[in-house]
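Notes follow the structure.
The values are calculated or read from the model by the stated rules, or taken from the named source; none is laboratory data. Computed from a prediction, not measured in an experiment: that's the story for all the values here. Cβ coordinates were reconstructed from backbone atoms using ideal geometry, including for glycine residues, and neighbour counts include every protein chain displayed. Calculation scope for accessible area: heavy atoms of the full protein, side chains included, ligands and nucleic acids excluded. Shrake-Rupley method; radii C 1.70, N 1.55, O 1.52, S 1.80 Å.
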Amino acid sequence: MTTGTGEPALDVQGLTVSYGPERALKDVDLTVGAGEVVAVVGESGSGKSTLAHAVIGLLPPGGRIDAGRALVAGQDTVALPERALRSLRGAAVGFVPQDPAASLDPVQRVGDQVAEALRVHGRAGRSAARRQAVDLLAEAGLGDPERCARAHPHELSGGQRQRALIAAALACRPRLLIADEPTSALDVTVQRRILDRLGALVAERGTAVLFITHDLAVAAGRADRIAVMSGGRVVECGPAADVLERPRHAYTQSLVAAARRASGPPHRPAARRTTPLLVVEALTKEYAGGHRAVDGVSFVVGHGEVFGLVGESGSGKSTTARLVTGLDRPTSGSVHLAVERSGDRAQLVQQSPYAALDPRWSVRRSVEEPLRAQGIGDRRTRRLRVAELLDQVALSRTLLDRRPAELSGGQRQRVAIARALAPAPSLLVCDEPVSALDVSAQARILELLAALRADLGLAVLLISHDLGVVRELCDRVAVMRAGRLVEQGPARQVLVTPEHPYTRELVDAAPVLSESQPWAS
């Protein structure tokens, strides 16, 4: 790792940003030196992404900069007109957004989207840019880059799409790279490979990095310095080792403690076996061309049990969730939900809150919609239920009239969870339900799920790439690879003494706070 010297790649001075009457950033000062990696950590809504977007002039509608400067390559982006900002973005500063599914144009080939940065900034003509795009995809770690360049985004996995975004962001060799939660939705093995590759690329080029993340364990192994944000302010900043080993601010201390708990062994005792609620037998889903996304999968989830399904990107976890909830039909096999009441049902918390929430709807309408659709309650009782649900998922009621674009990624995810909980399901199928949340917000959601499980007998099928979340919540775990279950059993057994080589690889790849790992390996 390198600590930058000389003129900073980024120099933020007194930056203050508001959404309506509310301050999202409050007098923020932050520098990133040449060749330096600075991680910004904090809970959902702390201002991390607002900082990243404000620096490069990408605040959503309703956001405004009230005061301060942001110097990138010697230019104050706060004062620049939009045309000058467009020239700066992609050339002097690259940006890797949080959600590749929402950030790539679904109708354009991936190679053309990577080549666009080269063409827009006059670095290459059309044919040369296409050739260079293939090289950039290869440098970003994509196998068979020619095929990936010809593909559309939906034909690539989440990890492949994220690599494509990294290739596009680095195409013009910018001096500064802003990475906003670049691997939050990816499994641990893909996350490690992408961060290793990204680190090698920026180290080779001397690129400075502003790394936005809610995962303190990832920041610990990747950053020279860590800045901790809370309530729109930087409450602590310093060398990574100092911040993690000797945190001064009470909020930093709580983040470190939560991250250390998530890195520890499963602490749940073995659960008492209950009667089956969900029975999945020989489930298979085959697509055109003979590809089996799910291949003979069988498992049982008991009443009040939390069952974890883990595996790498493309292993078939999300397809299994869609089959279980009836959003897709299996090629063969069966899914049986043993209901006790006519109102029993399964509800899905989808992986991406960006795609799951209607951008035109307010938070109130999004959460209330399942109640309206299923004829539950009258207008008054539905409004009361919506307010209660926001309390349960640790969201302020002041957000009720906001739309998704006015929320952070973590806030959107919590709205999606509240909506799924609205009709009081007997089974909650959670597809990466906390992947966009910081450790403290994760803890609140996990505590909520645990309380619902205890109070209501709610069963949960938890699909996650985050082994810390699985350790915290699950009674039993099944591991998927290439559509098949390779191992399943009690969480403590599978995650502490795994038998299958692939399970051992997953456990070894999970970032833990005690590791010291160089950014570039």
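What number of residues within the stretch 106-130 are assigned to a helix (DSSP H, G or I) and either open to solvent by less than 80 Å² (accessible area, probe 1.4 Å) or under 19 Å from Leu201 (Cα atoms) (or both)?
Of all residues in the stretch 106-130, those assigned to a helix (DSSP H, G or I) come to 110-120, 126-130.
Checking the rest, the ones that are also either open to solvent by less than 80 Å² (accessible area, probe 1.4 Å) or under 19 Å from Leu201 (Cα atoms) (or both) come to 110-115, 117-118, 127-129.
Within the stretch 106-130, residues that are assigned to a helix (DSSP H, G or I) and either open to solvent by less than 80 Å² (accessible area, probe 1.4 Å) or under 19 Å from Leu201 (Cα atoms) (or both) number 11.
Return the only residue of Ala101, Ala73 being open to solvent by 60 Å² or more (accessible area, probe 1.4 Å), in contact (Cβ under 8 Å) with a residue 24 or more places away in the chain and hydrophobic (A, V, I, L, M, F, W, C). Steps first, please.
Working: Ala73 fails: open to solvent by 60 Å² or more (accessible area, probe 1.4 Å).
The conditions single out Ala101.
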Handout entry: Residue, modelled with the lowest pLDDT, within the stretch 334-385, restricted to residues that are under 25 Å from the mean Cα position of the chain (by Cα) and of a type in the set (A, V, I, L, M)
Key = Ala355
Handout entry: Pair list, Cβ < 8 Å and 6+ apart or interchain, from the stretch 265-294 residues that are under 19 Å from Leu485 (Cβ atoms) and acidic (Asp, Glu) to residues that are at pLDDT 60 or above and open to solvent by 100 Å² or more (accessible area, probe 1.4 Å)
Key = Glu281/His336; Glu286/Arg292
Handout entry: All positions within the stretch 449-492 that are over 24 Å from Val190 (Cβ atoms), open to solvent by 50 Å² or more (accessible area, probe 1.4 Å) and modelled with pLDDT of 90 or more
Key = Pro490
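Would you point out which residue out of Leu384, Leu400, Leu390, Leu446 is surrounded by fewer than 22 Cβ atoms within 10 Å (Cβ to Cβ), out of contact with any helix residue (DSSP H, G or I) (no Cβ under 9 Å at 6 or more places or on another chain) and of a type in the set (A, V, I, L, M, F, W, C)? Give the steps one after another, and end with the answer.
Values: Leu400 fails: out of contact with any helix residue (DSSP H, G or I) (no Cβ under 9 Å at 6 or more places or on another chain); Leu390 fails: out of contact with any helix residue (DSSP H, G or I) (no Cβ under 9 Å at 6 or more places or on another chain); Leu446 fails: out of contact with any helix residue (DSSP H, G or I) (no Cβ under 9 Å at 6 or more places or on another chain).
Just a single option satisfies the conditions, and that option is Leu384.
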Completion exercise
When the stretch 50-70 is checked residue by residue, the ones that are small (Gly, Ala, Ser) and surrounded by fewer than 22 Cβ atoms within 10 Å (Cβ to Cβ) are Gly57, Gly62, Gly63, Ala67, Gly68
Handout entry: Selected residue (criterion: modelled with the lowest pLDDT) from residues of the stretch 29-59 that are of a type in the set (Gly, Ala, Ser), farther than 24 Å from Glu7 by Cα and assigned to a loop (DSSP other than H, G, I, E, B)
Key = Ser44
Practice task
Kindly establish whether Arg147 is open to solvent by 40 Å² or more (accessible area, probe 1.4 Å), part of a helix (DSSP H, G or I) and either among the charged types (D, E, K, R) or under 30 Å from Leu357 (Cα atoms) (or both).
Solution key: yes
Problem - helices (runs of 4 or more DSSP H) lying entirely in the stretch 344-448 (those with 2 or more residues that are farther than 30 Å from Ala250 by Cα and touching a residue at least 60 places away in the same chain (Cβ under 8 Å)) - result: 353-356, 409-421
Exercise for the section: Name the residue, out of Val190, Val218, that is in a helix (DSSP H, G or I), modelled with pLDDT under 90 and touching a Pro at 6+ places or on another chain (Cβ under 8 Å). Expected result: Val218
